[in-house]
There are 2 protein chains.
Amino acid sequence: MANSESGDSVVDRVVRVLEAFPEGVSSLPLGELAARAGLPLTSAHRLVRQLAEHRLLEQAPGGKVQLGLRLWELVNRNSPTLVLRQAALPFMDDIHQVLNQNVNLAVLQGDDVLFVERLSRRGSVANRAKVAGRMPVHISSAGVALMSAQSPHVQAAYLARFRDPAGKTTTDHVRQVLAAASSHGYAELAGVVDPDTWGIAVPIHDRQRRAVAAIGVVVPLAEARMQQLVPALKTAARGIGRQLGAPGM
Amino acid sequence: MANSESGDSVVDRVVRVLEAFPEGVSSLPLGELAARAGLPLTSAHRLVRQLAEHRLLEQAPGGKVQLGLRLWELVNRNSPTLVLRQAALPFMDDIHQVLNQNVNLAVLQGDDVLFVERLSRRGSVANRAKVAGRMPVHISSAGVALMSAQSPHVQAAYLARFRDPAGKTTTDHVRQVLAAASSHGYAELAGVVDPDTWGIAVPIHDRQRRAVAAIGVVVPLAEARMQQLVPALKTAARGIGRQLGAPGM
């Protein structure tokens, strides 16, 4: 693979350009894109032009650069989340219909959870567009539910490298939270963004008994009826798990 | 940019790998991926390994290769469709709630429409996962609505290159369909996939009066109440258009 003078490959540089857009920032001026990607302006200009020829990047209003609709199409028509989402959506919809709560579907990515699907409470669809967000494992109920269902050595390795950048939580506290979630079969956490909400999530096991995802709800504290929510989530998780790896999926 | 012996650049080859996955096929054996991308097996192997190091590609079950969750995350967290979808989703949800019909949002891509968002009729969420699909303009109500609102020279150029690969439709017929849609301000077409359904769509104009998208519904023929649907869609399209380009979007 061809390398630049600085020794990085073209693939490295393409990845750095794609990663240069911060979450929620859909377009950047070329100069800022080059700086964020750590590329000289001339290299960035040439690479952006090449990617734009294939419509992986596009010109945005004001001369800015944005990710291209063609790239969005290629990635979403064969989404790596498709099998999981297709298995989960009917069950997510059931919970959404019966309980009228925000329903999330998440997978583990390192020490974060990545939200791959979301159905919002009726009348609040704004969140719908915001899939592909991340949260640290220890502050999200989906993260705790998923991590608590991993093998002991995966959990131990996570705890060994755990450090709360905000300095609010200790490793011992996270260990207790994981142990409680593991013993209950679900995780419950006070809302991080909104302290008047409560997150409740359960792990989803595939047919090989691996905890591959979590399904959860975010509910106003006043409406958090555990006796309804937990059985509904556990039932949904079992149904989704049965679909995963079933013939034809 | 570095070129291979055959003269194509690394960026070209990356694009060919991403484009090699046919719609709805989420993973391919390496040999088939190489063949579809038109790459020698050794080059494909090296490129796949490099892309996998950055998690733009991943190993799928059975030794196959699939698009990586990291690529999905990068593209969706800064989706080029985000502004349009955020503007449209509350209005799509209104139609979904009031009329309980499948609601689609589409943009023009060459001679196709690309569906960027979909809300399915309650109880039929299977379709939800299938955004990023395409249809030829002339067989989709969203396509006809969008094309009929383009400038006369864009429509003329489209008609000049029009040829129905199925041999069912003539250019004259398409011209009449576009003229009718333009004069009515909406398009109505019998279902292609299911002949017992009816597609109805209207163009969405942004603040510069450009037709940038279409919103439409797909309804069972027996339920196609034009007097309800068309005003609801036109109202929604005006609301979405007001949002596009509004301050803060």
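Mind checking whether some residue in segment B:203-214 is more than 14 Å from chain A (Cβ to nearest Cβ), in a strand (DSSP E or B), at pLDDT 95 or above and under 14 Å from the mean Cα position of the chain (by Cα)? Break it down stepwise before answering.
Restricting attention to segment B:203-214, the residues satisfying the condition of being more than 14 Å from chain A (Cβ to nearest Cβ) are B:203-205, B:209, B:211, B:214.
Now restrict to residues that are in a strand (DSSP E or B): B:203-205, B:211, B:214.
Okay, now just the ones that are also at pLDDT 95 or above, so B:203-205, B:211, B:214.
Filter again for under 14 Å from the mean Cα position of the chain (by Cα), leaving B:214.
Checked against the condition, which is being more than 14 Å from chain A (Cβ to nearest Cβ), in a strand (DSSP E or B), at pLDDT 95 or above and under 14 Å from the mean Cα position of the chain (by Cα), segment B:203-214 yields at least one hit.
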Take segment B:21-40 and flag every residue that is more than 23 Å from the chain's Cα centre (by Cα) and among the acidic types (D, E).
-> B:E32
Restricting attention to segment B:61-73, does a residue exist that is assigned by TED's automatic domain parsing to the domain that holds B:P136 and among the polar types (S, T, N, Q)?
-> no
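Return a yes/no flag: does segment A:199-211 have any residue that is open to solvent by 40 Å² or more (accessible area, probe 1.4 Å), closer than 13 Å to A:L99 by Cβ and assigned by TED's automatic domain parsing to the domain that holds A:L108.
Let us first name the residues in segment A:199-211 that are open to solvent by 40 Å² or more (accessible area, probe 1.4 Å), namely A:205, A:207-210.
Checking which are closer than 13 Å to A:L99 by Cβ leaves us with none.
Among the residues of segment A:199-211, not one is open to solvent by 40 Å² or more (accessible area, probe 1.4 Å), closer than 13 Å to A:L99 by Cβ and assigned by TED's automatic domain parsing to the domain that holds A:L108, which makes the answer no.
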Considering residues that are among the β-branched types (V, I, T) and either assigned to a helix (DSSP H, G or I) or under 20 Å from A:G110 (Cβ atoms) (or both), the number found within segment A:191-202 is 1
The lone condition B:A190 fails out of (1) of a type outside the set (S, T, N, Q); (2) free of Cβ contacts under 8 Å to residues at least 60 places away in the same chain; (3) within 14 Å of chain A (Cβ to nearest Cβ) is (3)
Quick one: what pairs do we get from segment B:93-108, first residue touching a residue at least 12 places away in the same chain (Cβ under 8 Å), second of a type in the set (S, T, N, Q) and buried (at least 20 other Cβ atoms within 10 Å of the Cβ), C-beta under 8 Å, 6+ apart or different chains?
-> B:I95/B:Q101; B:N102/B:S120; B:A106/B:S140; B:V107/B:T81
Hey, among the residues in segment A:87-104 that are assigned to a helix (DSSP H, G or I) and open to solvent by 40 Å² or more (accessible area, probe 1.4 Å), which one's farthest from A:L221 (Cα to Cα)?
-> A:P90
Flagged in segment A:56-86 as on the phi > 0 side of the Ramachandran plot and facing another protein chain (nearest Cβ under 9 Å), in numbering order, are none
Across (1) over 16 Å from the mean Cα position of the chain (by Cα); (2) not assigned by TED's automatic domain parsing to the domain that holds A:L18, A:R118 clears everything bar (1)
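Matching residues to (1) within 20 Å of A:V14 (Cβ to Cβ); (2) touching a helix residue (DSSP H, G or I) at 6+ places or on another chain (Cβ under 7 Å):
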| residue | (1), (2) |
| --- | --- |
| B:V15 | yes, no |
| B:P22 | no, no |
| B:G31 | no, yes |
| B:A34 | yes, yes |
| B:E53 | yes, no |
| B:L57 | yes, yes |
| B:P61 | no, no |
| B:V65 | yes, yes |
Taking only pairs six or more apart or across chains, which ones have beta-carbon atoms under 9 Å, a first residue in segment B:31-46 that is more than 17 Å from B:E58 (Cβ to Cβ), and a second residue that is open to solvent by less than 80 Å² (accessible area, probe 1.4 Å) and aromatic (F, W, Y)?
-> B:R36/B:F21
The correct count of residues that are within 29 Å of the chain's Cα centre (by Cα) and basic (K, R) in segment A:41-71 is 3
Got at least one residue in segment B:36-54 being open to solvent by less than 20 Å² (accessible area, probe 1.4 Å) and at the interface with chain A (Cβ under 7 Å from one of its Cβ atoms)?
-> yes
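The values are calculated or read from the model by the stated rules, or taken from the named source; none is laboratory data. A quick note: this is a predicted structure, and the numbers were derived from the prediction, not measured. So basically every Cβ, Gly included, is an ideal-geometry build from the backbone, and we count neighbours across all protein chains shown. Please note that ligands, DNA and RNA were not included when accessible areas were found on the heavy atoms of the full protein model with its side chains. Shrake-Rupley method; radii C 1.70, N 1.55, O 1.52, S 1.80 Å.
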